[in-house]
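Right, one structure below, let's go through it.
The values are calculated or read from the model by the stated rules, or taken from the named source; none is laboratory data. Owing to the predicted nature of the structure, the values given are computational and were not obtained by experimental measurement. Positions of Cβ are generated from backbone atoms using ideal geometry, with glycine treated the same way; all protein chains shown enter the neighbour counts. Just the protein is used for accessible areas: all its heavy atoms, side chains included, with ligands, DNA and RNA removed. Shrake-Rupley method; radii C 1.70, N 1.55, O 1.52, S 1.80 Å.
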Amino acid sequence: MAFALPFPSLPKRYQPAAVWSLYVIGLCPGVWYFYLAATGGLGFNPVKDFEHLLGIWALRFLCLGLLVTPLRDLFNINLIAYRRALGLIAFYYVLAHFTVYLVLDRGLILGSIAGDILKRPYIMLGMAGLLMLIPLALTSNRWSIRRLGSRWNTLHKLAYLVLIVGVLHFVLARKSITLEPVFYISTMVVLLGYRLVRPVIMARKRARKTQSSATNIRRHVSN
């Protein structure tokens, strides 16, 4: 049975400032890692470490974006106003991750990139994730929502596939199943598994609400 936590909503007039604060805070790790990489603070292989850290934060924000719906459904914590920002921050990290790979790691040498893709299929998975994120980022605005209508929801379900591809890319890149890959695999299973059972959960929730309303009406009439 779902239960509600007291979680007061931020007044709407403050939400734009809160969203912009989320962008600033969310992108701070990337800026900090760029500084460390530029100043020799990332150790022996700063390019690879920088690339890896950007990818990790992309995965984190992908998971946070998909966590918004379960939090609202199950705990009445409504963070919908911040979901678009979470998704866009994830996109920026993926784009930065890919840019570091192309420019700093491979030096924009097409032959080297092609050979790397053939030798390491997980790179192709990462590229597929980026390509799927591009239309999601481009349509993350109110104009697109109005223009696309119900097709917008269908398009943005690509986020589920992006998460699957992202986790596979991460696990295959690590070449071993340690605690960190297990955590992201488990998180992916929970987030996507919830989508499968969500129709049943929401139907039961609506039924309980209807029953409660009917009970309150009967009590009011009897009084």
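Data overview
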{"item": "Farthest positive-ward along the chain dipole, Cα basis, beta-carbon charges - from Trp20, Gly129, Tyr184", "result": "Trp20"}
{"item": "Average accessible surface area per residue within the chain, 1.4 Å rolling probe, Å²", "result": "63 Å²"}
{"item": "Cβ-placed point charges (K, R +1; D, E -1), dipole of segment 67-223 about Cα centre in debye, nearest 20", "result": "1040 debye"}
{"item": "Semi-axis lengths (Å, descending) of the ellipsoid that matches the C-alpha gyration tensor of the chain", "result": "40, 19, 17"}
{"item": "With every protein chain in place, segment 1-145: carbon and sulfur % of accessible area (1.4 Å)", "result": "72 percent"}
{"item": "Longest exposed-site-free window of the chain, the sites being chymotrypsin sites (Phe, Trp or Tyr not before Pro) in a DSSP loop that have at most 16 other C-beta atoms within 10 Å", "result": "45-223"}
{"item": "Taking segment 21-160 and dividing mean pair separation by its residue count, relative contact order in percent (alpha carbons under 8 Å, at least six apart)", "result": "21 percent"}
{"item": "Cα-Cα separations in segment 7-89 greater than 23 Å, expressed as whole percent", "result": "35 percent"}
{"item": "Computed E for Lys157/Thr99 - FRET, C-beta separation, R0 25 angstrom, nearest 0.05", "result": "0.40"}
{"item": "In the chain, lysine pairs with alpha-carbon atoms under 25 angstrom apart (chain gap of 8 or more, or interchain)", "result": "4"}
{"item": "Net length gained if the chain between Ile145 and Ala114 were fully extended (0.36 nm per residue, minus Cα distance)", "result": "7.5 nm"}
{"item": "Highest-fluctuation residue, Val167, Val94, Val24 considered, GNM on the chain with Cα pairs under 10 Å", "result": "Val24"}
{"item": "About the Cα centre, charge dipole magnitude for segment 52-127 (Lys/Arg +1, Asp/Glu -1 at Cβ), debye", "result": "80 debye"}
